[in-house]
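The values are calculated or read from the model by the stated rules, or taken from the named source; none is laboratory data. For clarity, every value in this text was computed on a predicted model and none was experimentally measured. No Cβ is skipped: glycine too gets one built from the backbone with ideal geometry, and neighbour counts run over all protein chains shown. Heads up: the accessible areas ignore ligands, DNA and RNA and are worked out on the full protein's heavy atoms, side chains in. Shrake-Rupley method; radii C 1.70, N 1.55, O 1.52, S 1.80 Å.
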Amino acid sequence: MAVNDQGRERLQYIDPGDYRCSRLAAELADEWVEYVDATGLSASASRDYVRAVDLVCAAMDTASEDSAALSLESVDLMPLLARWERILSAAYGEGSRQPGMAASGVRTLIVRRDDHVERRVDESLARFARGMTLTGWGEGAERDEFSRADKQALVKAAWSSVHALEKRLAEGWALADQGRHPDKGDWLDVPDLLWGLSRGAILPRQIGDRLPPTTALWPTVLREMILRKDGTVAPRRARRDLIWQLVRRLYPTNLDLHALRVLLDGCHRARLGGGHQLRSVGYRVPPEGCASDAGQGARPPRASSGLSRRPRG
């Protein structure tokens, strides 16, 4: 469901079964649903993403002899998408912004998926999606992908995410300051583990080595950190999940940085941040070897920069 400018709900959907590349369609549809839910996009902006997914999936159905095998993990997908972007404008009138909007929408969904450490995206495709679109944006009066109200909703949601991130990190570091080296304290104590990670005194894999063999023997506080929504744990990845939860209490993840990208993208728009300017601040960067060893496909932030509000002077 999406809400239009009059506050009425509008049903929108993507049916992967409509395409031969159904796996690819399902992956893009999943990201679209989460994106709309996270940002509160209006019905009109959400519909642009539905149209973009339909265009690219219809094109992929005919672009590959084995379109059913295509997914965001496929090494063959990047060149197919590049060709699609190059020829997309031919189907529209001169100066149309629709091709650029469609290409940008597809790239946004791919980047979102790549930002989830547990979801796989082909590396060349991820790099491609983070680059400039190969489709022109047309000419004419200013008409962005989102309305001004949509942009304000995006910025508001991004600020909420940043505030939640900063709260999480502040609480994590405060907890770490209460700990000591696990060798002198306890390898099953959260403050001691955070102390060791924050000081670079221990590596994540050392935590995994010290954990009891089954989660049933873990302290309750550690088990609760890896519970899924249904109240169960994934035994095969329990150690990785716990390590990841510990590391993310101290450092931003790539998924956290999505909100920062939204704000950075809007820096040049004078008052979308509620009458505030944006300035760079620093986030702590994991010690050498910490993030890369954290498991669950963890990747360190590409830069140690964040955003904060500063009143306009």
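Pairwise Cα distances in the stretch 67-195 exceed 22 Å in 60 percent of cases.
Site pair Asp66 and Thr214 shows an inter-label distance of 4.2 nm when each label is modelled 7 Å from Cα along Cα→Cβ. A simple spin-label model places the labels of Thr232 and Tyr13 2.7 nm from each other, with each point 7 Å out along Cα-to-Cβ. Between Arg168 and Ala82, residue separation times 0.36 nm minus the direct Cα-Cα distance comes to 27.1 nm.
Taking every protein chain into account, the accessible area of the stretch 2-103 amounts to 50 square angstrom per residue (probe 1.4 Å). Computed with the Debye formula from one identical point scatterer per Cα of the stretch 179-233, without solvent, the log10 of I(q)/I(0) at q = 0.29, 0.32 Å⁻¹ comes to -1.17, -1.28.
Once the cut-off is 16 Å, how many percent of the Cα-Cα pairs in the stretch 44-92 end up in the long-distance tail?
Of all Cα-Cα pairs in the stretch 44-92, 41 percent lie more than 16 Å apart.
Label positions at Arg47 and Arg223, each projected 7 Å from the Cα along the C-beta direction, are separated by 5.0 nm. Estimated translational diffusion coefficient (Stokes-Einstein, Kirkwood radius over Cα pairs, 4 °C, 1.567 mPa s) of the stretch 20-120: 93 µm² per second. Annotation: amide H-H contacts under 5 Å for Asn254 (H modelled 1.01 Å from N, sequence separation of 5 or more, or interchain): Arg299.
For the stretch 94-111 and the stretch 18-63, what is the separation of their C-alpha centers, rounded to whole Å? The stretch 94-111 and the stretch 18-63 have Cα centres separated by 12 Å.
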